[in-house]
Amino acid sequence: MINSLKTIAMFGCAFTSRYRQKLCFSFNKVAEELGVNMVYFNALGKIGNKNAQYGDYEFDLIDYIDLDQFDGIVFDGEGYNLEGMAEKVIKKLRQANCPVVSISSYVEGFDNIEFDDAQGIRIITEHLIDVHHFKRIGFMSGYLTHPDAVVRLKVFREVMKERGMPEDGAGVFEGDFWFHKGEEAADFFLSQPEKPEAIVCANDYMAISLATVFKQRDIKIPEDIVVTGFDGTLEGQEFLPHITSATRERIDIAQKALKLLIARIEGREFTEPMRILPKPIYTQSCGCKKLDYRREAENINHVYEMNRHFSCNLYDAESAMLKLNKVSDLDDIEAVFEECSVNFGEFDTFLLMMHTDRDGRMSCDSDYICPSGKFRPALWVDKKNEYVRTDELFERSKMLPDAKSDRPHFYYIMSTHCAERMFGYALVEMSASDIFNEFYNVWLLNLALTLETLLKNDRINKLIGTLEDLSIRDGLTGMLNRRGFDELSRESIRSFEKMQTVCTMVIDMDGLKHINDAYGHYEGDRAIKAAANIITKCCDNGEICARAGGDEFYIFAPVYSQDKLDRFFERLNGFTENYNNSYNKPYSLSLSYGALLAECDNKGRIEDFLTISDSRMYEQKMSKPNRRK
């Protein structure tokens, strides 16, 4: 458990949008009052207007979330902007054993908080008729197939019909719920036989786009045409003139959702109505308020300040990208993060949790196989020492660190992934009730790209190492080959700072030709490997050993002595005798050897030493009775 408080999870997308930033702020404020923890599972979804590829692996994280670690769940389905993703989350949440409430879209089987959008459009339309006495009112809809557009257009037509006016008023134009249809909408309404006195837009963004075009055409708002919106966005209240609208009160949403969940958790009845009524904002675009120029001047100063902060944050992001491009391991990433993570808001804690496989390898390791469902802390930044640091694996049933305090905590969890794979997840806890800004998303994207680069570099380096190993290793025995032996021996000699006693040995198998002829080359290869294993086993004192070719082996031993040499040959003979006694072979393994102890400085030539050792080996071989080639 992170602490003894109830923990509520919230699943949604695009929490850094201006509407959802305030939504998170409202939930945090209410959670603090009620004494519960909040855990936000945020997704980026579509990036920009077209790039949906990033979301392909983003929602893999949901498969590794154990819902039993939460006491209640909030589902904000309206923000998901990629096809099928809201449905995937809903399917997951249906498995929950705790209560689930949906706050922005109706989901069968969940508790649902409903928004009376119809009432908001009704209030605005009736206001234009009853207060401003307009008769020619147009309507700018969203996509006519969109559920919200259907409801809002329907109630507009109902009000117009109730008041004895044409259902479509001064015309209905199909917009896009965004900023792209302002020109077309202006052309449509201005081409009507009678110019509209007012236009009700189905959201603030379309109202802003239409009002902008009207202003460009010297059509005054509200003097010539009144324009209203819906949703009560911050953009609508910053635009000049401020847009008359209707808003969903996010603090009401948070209070109803969390109080309902707590009642369900505690087994109590929740008797409050589940409907959120919109509140009208009557302002300049309908003529109900005049501009307060002093206040607008302050707003302009605030916008300039935001632009300055944005520029500074952008420079910090660019600097971090350059630094991350140079990192070579996870420790470097943590150093860059601690230095450069200054542009997304003040935070107290940041954890980067990496997926591990069954062998504990992290997902940025090229030897990593497949996810085990367990995560290892790769970056751990805890500014206030709030948590019990551990290097143990985090189970899917416990994705949060153990807190030392019982105050409410507000965590944001996001997938860390690239287009090709999910590395794990990132957890951040901000210092206040506000959520991070968009630059945190930039951080995670850069971290994911850096992890992808580390993974690919690791794969390339291991491949290069393998290729290099193949170039200096003998394919049959795994020992060094002649090239590898020469390189390592010469490197060892060049490192001498003073005269050293070195040793070279040449070992040759006896009777390999007979084994090949009598029992086949396969058995001959087995005999060579057995000899190689014996020689390798004897090399436990810093010796460098190699298969020089065929049945011949070389050994170089820096800083050697006669005692070490005697021990080496004693063990060589013992291991060979052991092999012959243990394996019921139709032949006996036999080795001939010659050695040289010599003084050597860093200019010594190993070839000269090997020549003498080889000569001594040959003498021993020739002296053996019944010798075979």
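Filter the range 271-305 down to residues that are buried (at least 16 other Cβ atoms within 10 Å of the Cβ) and of a type in the set (A, V, I, L, M, F, W, C) and give me whichever is nearest to N97 (Cα to Cα).
Top of the filtered list is I276.
For (1) free of Cβ contacts under 8 Å to residues at least 60 places away in the same chain; (2) over 26 Å from S433 (Cβ atoms), each residue gets a yes or a no:
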{"position": "T349", "(1), (2)": "no, no"}
{"position": "T356", "(1), (2)": "yes, yes"}
{"position": "R361", "(1), (2)": "yes, yes"}
{"position": "C370", "(1), (2)": "yes, yes"}
{"position": "W380", "(1), (2)": "yes, no"}
{"position": "V388", "(1), (2)": "yes, no"}
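Here is a check on your reading of the model: is E87 under 20 Å from Q255 (Cβ atoms), surrounded by fewer than 21 Cβ atoms within 10 Å (Cβ to Cβ), of a type outside the set (S, T, N, Q) and under 25 Å from the mean Cα position of the chain (by Cα)?
So E87 fails the test.
Just need a number here: residues in the range 136-162 that are modelled with pLDDT of 95 or more and surrounded by fewer than 22 Cβ atoms within 10 Å (Cβ to Cβ).
Total meeting the criteria: 8.
Condition test on K46, is it closer than 30 Å to E223 by Cβ and buried (at least 16 other Cβ atoms within 10 Å of the Cβ)?
no
If you go through the range 223-235 one residue at a time, how many are crowded, with 20+ Cβ neighbours inside 10 Å and modelled with pLDDT of 95 or more? Quick ask: steps written out before the conclusion?
Taking the range 223-235 first, the residues crowded, with 20+ Cβ neighbours inside 10 Å are 225-233.
When the remaining residues are screened for being modelled with pLDDT of 95 or more, the result is 225-229.
Within the range 223-235, residues that are crowded, with 20+ Cβ neighbours inside 10 Å and modelled with pLDDT of 95 or more number 5.
Can you find, within the range 559-585, the residue that is modelled with the lowest pLDDT among those that are out of contact with any Cys (no Cβ under 6 Å at 6 or more places or on another chain) and among the charged types (D, E, K, R)?
K585
Considering only the range 530-567, how many residues are under 20 Å from H514 (Cβ atoms) and either in contact with a strand residue (DSSP E or B) (Cβ under 9 Å, 6 or more places away or on another chain) or loosely packed, with under 15 Cβ neighbours inside 10 Å (or both)?
9
Within the range 236-269, which residues are in a loop (DSSP other than H, G, I, E, B) and either surrounded by fewer than 16 Cβ atoms within 10 Å (Cβ to Cβ) or touching a His at 6+ places or on another chain (Cβ under 8 Å) (or both)?
L240, E249, E266, G267, R268, E269
Among residues belonging to the range 232-244 that are of a type in the set (S, T, N, Q) and under 38 Å from the mean Cα position of the chain (by Cα), point out the one that is farthest from S285 (Cα to Cα).
T233
Does the range 163-216 hold any residues that are among the small types (G, A, S) and buried (at least 20 other Cβ atoms within 10 Å of the Cβ), and which are they?
Listed by number, the residues that qualify are G169, A170, G171, G175, G182, A185, A186, A198, A202, A207, S209, A211.
Looking at (1) in contact (Cβ under 8 Å) with a residue 24 or more places away in the chain; (2) assigned to a loop (DSSP other than H, G, I, E, B); (3) more than 20 Å from S285 (Cα to Cα), which is the one condition that is false for A170?
Failing condition for A170: (3).
The values are calculated or read from the model by the stated rules, or taken from the named source; none is laboratory data. All figures in this text were calculated on a predicted structure; none of them were measured in a lab. With ideal geometry, Cβ positions are generated from the backbone for all residues, glycine too; neighbour counts draw on all protein chains shown.
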